[in-house]
Amino acid sequence: MKTIIEPFRIKSVEPIHMTTPEQRQKMLEKARFNLFALRSKDVIIDLLTDSGTGAMSSEQWASIMRGDESYAGSPSFQRFEAAVQNLMPFEHIIPTHQGRAAEAILFSILAGIGKNIPSNTHFDTTRGNIESSGARAHDLVIAEGTDPNSLHPFKGNMDLKRLADYLDKHGQSVPCVMLTITNNAGGGQPVSLENIRAVAALAKSHGRPFIIDGCRFAENAYFIKQRESGQQGREIADIVRDCFSVADGMTMSAKKDGFANIGGWLALNDADLAEQARNKLIQTEGFPTYGGLAGRDLEAIAQGLTEIIDDDYLRYRIRTNEYIVERLDDMGIPVVKPAGGHAVFIDARQWLSHIPPLQYPGQAVAVGLYEIGGIRSCEIGTVMFGRQPDGSEIPAAMDLVRLAMPRRTYTQSHADYIVETCAELMESKDSLKGYRITKEPKIMRHFTSHFEKLA
Ligand SMILES: *Cc1c(COP(=O)(O)O)cnc(C)c1O
C-alpha cells in the first residue's frame, strides 16, 4: 500500500479550539507578536516543540495506575531501569526530572574551568550547562551538516578529522566526548552507526569517556536502518543497542523518544563517576530510585520505551516530515533537506529575501503561519541568537523557522492543513514586513521580547 496511515486508533481526544484570522490578529497584537505569549488554547496546531507534547498510549496510561510511590526501592524504578537497560546496556541508570538535569549533574562532575568538550552540535541546554561551569563547548559536525541544501544521508555526523585534531590539541583538558543523536540543533539530522563507532574508537584511543546525548535515539536508529548499508532488515532495538554499547554513558530527555510528558536519565558505566552522580542527584533531584520523578512517571517511560522502537510508528513519524518537506519543496519554499526526524525547517532568510536578517525574516514567517492558519512554530535565527554578550546585534548563521512535530498527536489531515497554510503564506510573502524588538530581557530574549511590525 502507498498510503502510510497513522498506526494507532484514537480512544481519547482533546478538542482543538478553532479561531478566525481576525481573532488571531487581535491575539497577536496582545502577545506583542511573540508566539510564546499566546495561550495554547488559541493555537490550532501547536508545533512549538516536540518535547513532552506527545500523546501517551492506553498502555502508558494503564501503567500510570501501577506507579508505586514508595520513597525508596520502588518496583516502578526496577521496571524503568530494566526498560532502559534492555536498549542501552549501561551499568548505572540514574533517573532525573528532565534531560537538562542529567546534564547538570554530569557536567558538575566532569566540566569546570579550563575543560573543553566537543560534540557534533551541543544542544542549547548542554552548552549552557558546560559553559556555566567555566568549560568550553565546541561543535565539530561535518561541513554538510550546516548546508541546508546538502543531501548527505547523515548530516549529523561528527567530523572525524576535526575530532582527532581536537583531541590531540586539547589533550587532558577534554573530560569526555559528546555526540547528539539525532543532531537536534543541526535540524534533527541523523548520525550513522559507522560514525558513532568511529567517534567511540577515537575517544577510547585518547582515553576519554564517550557520552551520547540520546534524546532521539529511536528516530536515529530508524534513519540508520533506512540509509546505512548493511542495516536494512534489522530490528530497531538491535540497532539502538549497537549505538549505545560502544559508549561509556548517556544523557536522555524522556520527553522526546521516551514517549513521556516529563523525565530523563543519566546512565554511566564507571562506578566511581556513578557514585558521584548519585550524591549530586540526592542533593538536587531526589533519592536514586526516583530522581526527580514520581513512580508513575517512571512507569510511563518504561512502557514508552517498549513502544518507541516500533517500525510502523517510526515509519509514520519520519514519513510525515518527509511528506511536508516534499510538498513545500515542490511549491518553491526553501526547506532544510533531507527532512529531519522531529521537525520541518523553513529557510526564512532565503524565502523572504526582501527582509534583512536584523528585521527578523524568521519571525515574519512564524507570525504569518499563525495569522493564516493558527499554526504556532518557532523562530530559530537572529531573534534567538542575534544578541551578543557585549550587547551588539549580528545576524545569526541562519534564519530558520522550525515546525516541530509532537509524537502521535497530529494526523495526515493536520499535515495537509500545514501544507495549505504554507501555500497561502506563499501567496502573500512579498508583502510581509519585518519586525523591530521594542523590549527585550538581558538573556534568552526570544521567550519574552516584544515585537512591532515595521511599516
Ligand atoms: C530536549 C533536549 C535536551 C534537554 O532535555 P530537557 O528534557 O528539555 O531538559 C538535551 N539534548 C537534546 C538533544 C534535546 O533535544
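The values are calculated or read from the model by the stated rules, or taken from the named source; none is laboratory data. No experiment lies behind these values; they were computed from the predicted model shown. FYI the Cβ positions are ideal-geometry reconstructions off the backbone, even for glycines, and counts take in every protein chain you see.
Computed values, structure above
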{"item": "Selection within the range 204-213 - more than 13 Å from N120 (Cβ to Cβ) and either in contact (Cβ under 8 Å) with a residue 40 or more places away in the chain or out of contact with any Leu (no Cβ under 6 Å at 6 or more places or on another chain) (or both)", "result": "K204, S205, G207, R208, P209"}
{"item": "Matching helices (runs of 4 or more DSSP H) fully within the range 301-396 where at least 3 residues are among the β-branched types (V, I, T) and touching a residue at least 60 places away in the same chain (Cβ under 8 Å)", "result": "311-331, 361-373"}
{"item": "Conditions (1) among the hydrophobic types (A, V, I, L, M, F, W, C); (2) assigned by TED's automatic domain parsing to the domain that holds T448; (3) touching a residue at least 60 places away in the same chain (Cβ under 8 Å); number of the one not met by I93", "result": "(2)"}
{"item": "Top-ranked residue of the range 13-30 - restricted to ones that are assigned to a helix (DSSP H, G or I) and in contact (Cβ under 8 Å) with a residue 40 or more places away in the chain, ranked as nearest to the chain's Cα centre (by Cα)", "result": "L28"}
{"item": "Counted residues, the range 17-50 - those being out of contact with any helix residue (DSSP H, G or I) (no Cβ under 9 Å at 6 or more places or on another chain) and hydrophobic (A, V, I, L, M, F, W, C)", "result": "1"}
{"item": "Test: residue in the range 209-218 that is modelled with pLDDT of 95 or more, away from the ligand (no atom under 16 Å from the Cβ) and among the β-branched types (V, I, T)", "result": "no"}
{"item": "When residues of the range 368-409 are limited to those that are β-branched (V, I, T) and closer than 29 Å to R319 by Cβ, the one surrounded by the most Cβ atoms within 10 Å (Cβ to Cβ)", "result": "V401"}
{"item": "Count of residues meeting criterion [among the polar types (S, T, N, Q) and within 16 Å of the ligand (Cβ to nearest atom)] in the range 19-75", "result": "3"}
{"item": "Near pairs, Cβ below 8 angstrom, 6+ apart or cross-chain, from the range 224-253 (within 19 Å of G188 (Cα to Cα)) to any residue that is among the polar types (S, T, N, Q) and crowded, with 24+ Cβ neighbours inside 10 Å", "result": "C243/N220; T251/T126"}
{"item": "Boolean, R296 is more than 16 Å from the ligand (Cβ to nearest atom), farther than 20 Å from T126 by Cβ, of a type in the set (D, E, K, R) and part of a helix (DSSP H, G or I)", "result": "yes"}
{"item": "Residue within the range 105-116 that is within 16 Å of the ligand (Cβ to nearest atom), on the phi < 0 side of the Ramachandran plot, in contact with an Asp or Glu (Cβ under 7 Å, 6 or more places away or on another chain) and without any contact (Cβ under 8 Å) to a residue 40 or more places away in the chain present", "result": "no"}
